[in-house]
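The values are calculated or read from the model by the stated rules, or taken from the named source; none is laboratory data. The structure displayed is predicted, hence computed values, not measured ones. Positions of Cβ are backbone-derived with ideal geometry, glycine not excepted, and every protein chain shown enters the neighbour counts.
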Amino acid sequence: MGTIRLDWQMTSAAVQTGPTGPAGAFIVNGLPNLFRDPTAAIHDFRFADPGESGQRNTLWGPGYCGIDLGVGKTWKISESQAVKFRWETFNLTNTPRFDVESLQAGGANGLGNLLFTSLTFGQFTCTLAKPRIMQFVLRYSH
């Protein structure tokens, strides 16, 4: 006969108990937040019970869209020689895409730990994209 093992150390993040209102990327007290009204949204979650596996995909973030751009020009010097210049930009619009997964992870900044205070509830702590990066390339070939 098999045994049932409950792992009391591995609990889920907070469990949603009611509607939280619209979720997205809102500025609350000058900082990005998942909820328009985090003080009201905190009452729609409870702590996970020990060993409770919790919910999946409870929160949906604002999404991700990245625009990259590259421009290049080649100048022929002779039949066998050329100079090529490229300018590449990643995250052209420099738009932050906030990471909802960091809120659901249950780590130090997860929703389960943020239930202790409504001041930081739903506050984004990291992004999915890096800030705008530009690089220039100059290549001589023969």
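Please specify each residue of segment 57-101 satisfying the condition of being over 24 Å from F35 (Cβ atoms), without any contact (Cβ under 8 Å) to a residue 24 or more places away in the chain and of a type in the set (S, T, N, Q).
Residues satisfying the conditions are T74, S78.
For segment 23-87, give me every one of the strands (runs of 3 or more DSSP E) that falls completely inside it and has 3 or more residues that are under 22 Å from the mean Cα position of the chain (by Cα). It would help to see each step written out before you state the result.
Values: elements: 23-28, 31-35, 69-76.
Once the strands (runs of 3 or more DSSP E) in segment 23-87 are filtered for at least 3 residues that are under 22 Å from the mean Cα position of the chain (by Cα), what remains is 23-28, 31-35.
Hey, among the residues in segment 80-113 that are modelled with pLDDT under 90, more than 17 Å from G63 (Cα to Cα) and out of contact with any strand residue (DSSP E or B) (no Cβ under 7 Å at 6 or more places or on another chain), which one's surrounded by the most Cβ atoms within 10 Å (Cβ to Cβ)?
Applying the filter and picking the extreme gives G112.
Select from segment 21-63 the residues that are polar (S, T, N, Q) and modelled with pLDDT under 80 and list them in ascending order. Outline the logic, then answer.
Taking segment 21-63 first, the residues polar (S, T, N, Q) are 29, 33, 39, 53, 55, 57-58.
Listed by number, the residues that qualify are S53, Q55, N57, T58.
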